[in-house]
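Trainee: What follows is a single structure, and I will ask about it in a moment.
The values are calculated or read from the model by the stated rules, or taken from the named source; none is laboratory data. Please read these numbers as outputs of a predicted model, since none were measured by experiment. Methodologically, a virtual Cβ is constructed for each residue, glycine included, from the backbone with ideal geometry; neighbour enumeration extends over all protein chains shown. The area values use the complete protein model at the heavy-atom level, side chains included, leaving out ligands, DNA and RNA. Shrake-Rupley method; radii C 1.70, N 1.55, O 1.52, S 1.80 Å.
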Amino acid sequence: MATNQYNRKKNTRTTKSTRSRSTGRGKRSTSKSFFDLFPKLTASARRKWKRRLYIGLGIVLVLALILAFKNPFNKSTSTTASGYSTTGYNGIDISKHQGRINWKTVAQNRNIQFVYIKATEGASVVDKHYKKNLAEARAAGLRVGSYHFFRAYKSPEEQFRLFTKHVKKSQQDLIPMVDVEQTGNRQVSRQQLQKNLKRFMELMKKHYGKYPLLYSQYRFYNEKLAPEFNRYFIFIARYGKKEPVLKGRGKYNIWQYSERGRIKGIQGYVDLDRFANGTTIDDIML
């Protein structure tokens with residue numbers, strides 16, 4: 001009788017143990033957390049490291065979202081209602097002030113469709129780096145044009161002769177450009193400035209077959225040249241995000257929107273230019 005009771009108790013315990021194993025109750029979990037890899041860490045230390053880990057992951061997530069919505073390396077472009085690119089640039093213009101230029105490096109920049117190089121100024125000044133810049137830029141495969149810094153108190157005929165002496169049509173890819181700024185033209189009346197500039201541009205048209213591109217500063221152009229010169233191709237300088245507005249409903253073709261650009265191959269700052277109002281490289285080809 002005692003033996004049977006013992007056996008019944010033993011069988012009961014065996015049955016309970018079997019049920020426990022079959023239902024999974026009473027079985028230790030074999031899954032491990034990241035911190036189980038460091039068994040010597042106390043519970044307090046684990047809590048501190050968890051907080052640090054969560055904070056770090058949160059910072060990474062925030063940075064990822066910032067870069068996703070505002071990526072400084074994003075080269076995609078868009079346009080405003082006026083038709084100008086809101087990001088990127090299409091060309092540059094340079095002079096002796098940029099010093100020695102590595103044109104092979106510059107030519108690797110896919111944004112650059114055109115380059116304007118200073119050739120002459122007034123009736124006697126020739127940019128000391130002009131010939132070297134012209135030859136090396138073209139050899140690197142860039143489309144190149146040359147420009148003259150106009151001084152209205154000098155004879156337009158003398159300035160034209162100086163420019164054509166150094167700027168050969170056969171060595172140009174782009175139409176020439178004439179740079180008309182407040183510097184060098186302060187003491188000249190509006191009427192005299194327009195008269196001499198128009199004469200210079202007519203001489204250029206006769207020699208090169210096309211009118212030159214007219215470069216000027218935004219305010220100076222509106223005060224001294226608009227609207228009389230709106231019919232020409234206009235290259236306007238206004239730095240910043242606000243687009244230029246020309247008097248007389250004039251339309252500009254190229255916008256120099258920055259004078260503090262950085263280009264690989266050029267030390268220091270360089271002017272950055274972009275096409276506007278539907279203008280393309282074909283419109284300024286010589």
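Trainee: Between Met285 and Asn102, 0.36 nm times their residue separation minus their Cα-Cα distance comes to what?
Mentor: Gain on extension, Met285 to Asn102, equals 63.5 nm.
Trainee: Which of the peptides 47-59, 257-269 is most tightly packed, and how do the rest follow, going by the mean number of other Cβ atoms within 10 Å of each residue?
Mentor: Taking the mean over residues of other Cβ atoms within 10 Å, the ranking is 257-269, 47-59.
Trainee: Please list, by residue number, everything in region 180-222 whose backbone N is under 12 Å from a paramagnetic label point 7 Å out along Cα→Cβ of Lys247.
Mentor: Answer for this model: 190-191, 219-222.
Trainee: Stick to Cα atoms and the Kirkwood definition of Rh, then tell me Rg/Rh for region 124-260.
Mentor: Reported Rg/Rh, Kirkwood definition of Rh: 0.96.
Trainee: A further question follows. Expected output is a single nm value to one decimal: the length gained when fully extending between Val60 and Lys264, i.e. 0.36 nm times separation in residues minus the C-alpha distance. What is it?
Mentor: 70.4 nm
Trainee: From the cross-link list Lys210/Lys247; Lys169/Lys198; Lys205/Lys247; Lys168/Lys251, which pairs have alpha carbons spaced over 27 Å apart?
Mentor: With Cα atoms farther than 27 Å apart: Lys168/Lys251.
Trainee: Also, quick follow-up: What list of ³J(HN,Hα) values in whole Hz, one per residue of region 95-101 in order, does the Karplus curve 6.51 cos²θ - 1.76 cosθ + 1.60 (θ = phi - 60°) give from phi, with Gly and Pro shown as x?
Mentor: 8, 4, 5, 7, x, 6, 10
Trainee: Of all alpha-carbon pairs in region 109-174, indicate the percentage at a distance above 21 angstrom.
Mentor: 26 percent
Trainee: Please give the direction-averaged projected area of the C-alpha convex hull for region 131-208, in square nanometres with one decimal.
Mentor: Orientation-averaged projected area of the Cα hull: 5.3 nm².
Trainee: Carbon-plus-sulfur fraction of the accessible area of region 109-148, 1.4 Å probe, in percent?
Mentor: 43 percent
Trainee: Quick one: Karplus J couplings for region 199-214, per residue in order, coefficients 6.51, -1.76, 1.60, θ = phi - 60°, nearest Hz, x for Gly and Pro?
Mentor: Along region 199-214, the couplings run 4, 4, 5, 5, 5, 5, 4, 5, 7, 9, x, 9, 5, x, 5, 9 Hz.
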